[in-house]
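Undergrad: The structure that follows is given in the form of structure tokens.
Please treat every number below as a calculation from the coordinates, not as lab data. The shown structure was predicted, so the numbers you read here are calculated from the model rather than taken from an experiment. Cβ placement follows ideal geometry from the backbone for every residue including glycine, while neighbour counts extend to all protein chains displayed.
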Amino acid sequence: MVLTPRADLRKARLRANPAYELVLFDRLSAHEQQALEVLGRDPEGYGVLRPRAEGPLSLKSVSRDTALLWLTLQEPGTLPNYAARLLGDSCDRAIGQMILDGILEIEADGRMLSGVATLALLGGDRDEASTPGAIAGLSRRALEYAAALEIPDALGLSARLYGYNSVPATQQWRRRWPDTAAIERELEIENGGWGALLPGWTRVAWGSAWIAWSCGDAKPARDETIYKLYVSPECAALRTAFQEAAAAIAACHGVHLKVGASVFGLVRADKMVGYFRELADLQEAGARIMEKLAACPAQGVPFTAEIGGSGLLSWGVDPPRDKYAVPWQERESWRLRICNQLGAALMQARASDGRDSGAACRFALERLRLEGIDTETWSPTRELHWS
């Protein structure tokens, strides 16, 4: 895969985007303050960058450090030394994000650029070489599909990305799984039959969409790192896959397990998920499952990191819950965070670059790469930073 060399962002000429105005949180209207309640409770929050006119830019909340940098770069210049020291090893990532998001501009050929126009400078102008791996290829097709849709909002695009590779809930599957009881019979877990697979575990409530069990605390702590093992067999292979996966997850120190409780939960790609506190335990469970299910036909979960090469198993790590989120706000999952960010990036690219879906895909991938996601393998890098 060919990548354009990246610009040295510490030496490049940068400028605060003059299309924005910086507004202190206290100076926002009462309606705006209510809408941005979380920002008002964050001690690091300063206010917002608000577009001066209608166009491709969107309202962005900013911290005190980002606000200071934006004010410092009202005139074009190189990155201030204080900012480079403050950002440290994350300097290129953070400045690249601000350029792609339109907060800062970078000079190229005598022009100040931001957003999609800076892809080549940031090294995100990739060629069209194929992506290796079953799930990596599936993820790229999902992104290309979403980029071509005429959906006018980021959340709509995120939903399509999240649901990609579900199979239709045809009459065949509706007759097979008319209710939760039918699913329990197929999986051989009715009347406590799951006890042999999950010794010492407890059946727990996890919303109406899931049949779930827990070993230990029923819910992860707010700041706990949780690794997720996705098991994605084709629908016809569900029972065998569940039996082997449940036994391996329990044997390898898994802490939670859930499987779809309706036909709609079982036709989706991420129909079965095991939770672990240690990545090594997840990897051991994955190896055991692959040994038992080497020939199992796979469906595959987009935007997850593949295990074993067939698409049957993959993994991710949920971001920590925002400590300033309102109490009733659910913790965002690995795939939901990725799909939300890709949806927002596609909308931003569409607004600034018309209907070039290829450029929109490259922009979305580069924006996610700067978050610390390897967009070839869909695994987290050591630089993972969920903002």
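Undergrad: Given 0.36 nm per residue, what is the gain on full extension from GLU376 to SER208 after removing their alpha carbon distance, in nm?
TA: Numbers: separation 168, 0.36 × 168 = 60.48 nm, distance 3.43 nm.
Contour length minus Cα-Cα distance gives 57.1 nm.
Undergrad: How long is the gain from ARG50 to ALA19 if the chain were fully straight, where each residue apart is worth 0.36 nm and the alpha carbon distance is subtracted? All intermediate terms of the calculation are to be shown ahead of the outcome.
TA: On the way: separation 31, 0.36 × 31 = 11.16 nm, distance 0.85 nm.
This chain segment gains 10.3 nm when fully extended.
Undergrad: Then there's this: How long is segment 171-299 along each principal axis, judged by its Cα atoms, biggest number first, in Å?
TA: Here the spans come out as 41, 32, 26 Å, largest first.
Undergrad: Under the rule of at least 5 residues apart or a separate chain, name every residue whose amide H is placed under 5 Å from the amide H of THR78.
TA: Under 5 Å from the amide H of THR78: LEU14.
Undergrad: How charged is the neighbourhood of VAL263? Take every other residue with its Cβ under 11 Å from the Cβ of VAL263, and add Lys/Arg as +1 and Asp/Glu as -1.
TA: On the way: positive: ARG174, ARG175, ARG176, ARG268, LYS271; negative: ASP179.
Once all neighbours under 11 Å are counted, the net charge is +4.
Undergrad: Between 0 and 90 degrees, rounded to the nearest ten: what's the tilt of helix 154-163 against the longest Cα principal axis of the chain?
TA: The answer is roughly 30 degrees.
Undergrad: Could you tell me the number of lysine pairs in the chain with C-alpha atoms less than 15 Å from each other, where the two lysines are 8 or more residues apart or belong to different chains? Walk me through the numbers on the way to the answer.
TA: Values: LYS219/LYS228; LYS219/LYS258; LYS228/LYS258; LYS228/LYS271; LYS258/LYS271.
Going through the chain pair by pair, I get 5.
Undergrad: For the chain, what is the mean residue ellipticity at 222 nm derived from helices alone (per DSSP H run of n ≥ 4: -39500 (n - 2.57); sum divided by total residues; nearest 500 deg cm²/dmol)? All intermediate terms of the calculation are to be shown ahead of the outcome.
TA: Details: 15 runs with 145 residues, N = 387.
The helix-only estimate for the chain comes to -11000 deg cm²/dmol at 222 nm.
Undergrad: Rounded to the nearest 0.05, what FRET efficiency do GLU291 and ALA236 give with R0 = 22 Å and r taken as the Cβ-Cβ distance? Could you check? Don't jump to the answer; show the numbers that get you there.
TA: On the way: r = 21 Å, r/R0 = 0.96.
Rounded to the nearest 0.05, the efficiency is 0.55.
Undergrad: Shifting gears a bit: Net charge around ASP179, counting only other residues with Cβ within less than 13 Å of its Cβ (Lys, Arg = +1; Asp, Glu = -1)? Could the numbers behind the result be given before it?
TA: Details: positive: ARG174, ARG175, ARG176, ARG185; negative: GLU184, GLU186, GLU190.
Residues close to ASP179 contribute a combined charge of +1.
Undergrad: Only Cα pairs within less than 10 Å get springs; with that Gaussian network setup on the chain, which residue of ALA241, ALA360, ALA182 has the largest fluctuation?
TA: Taking springs between Cα atoms under 10 Å, the residue moving most is ALA182.
Undergrad: Would you kindly derive the ³J(HN,Hα) couplings of segment 290-296 from the backbone phi angles with the Karplus curve 6.51 cos²θ - 1.76 cosθ + 1.60 (θ = phi - 60°), listing them in order in whole Hz, with x for Gly and Pro?
TA: 5, 4, 7, 10, 4, 9, 6
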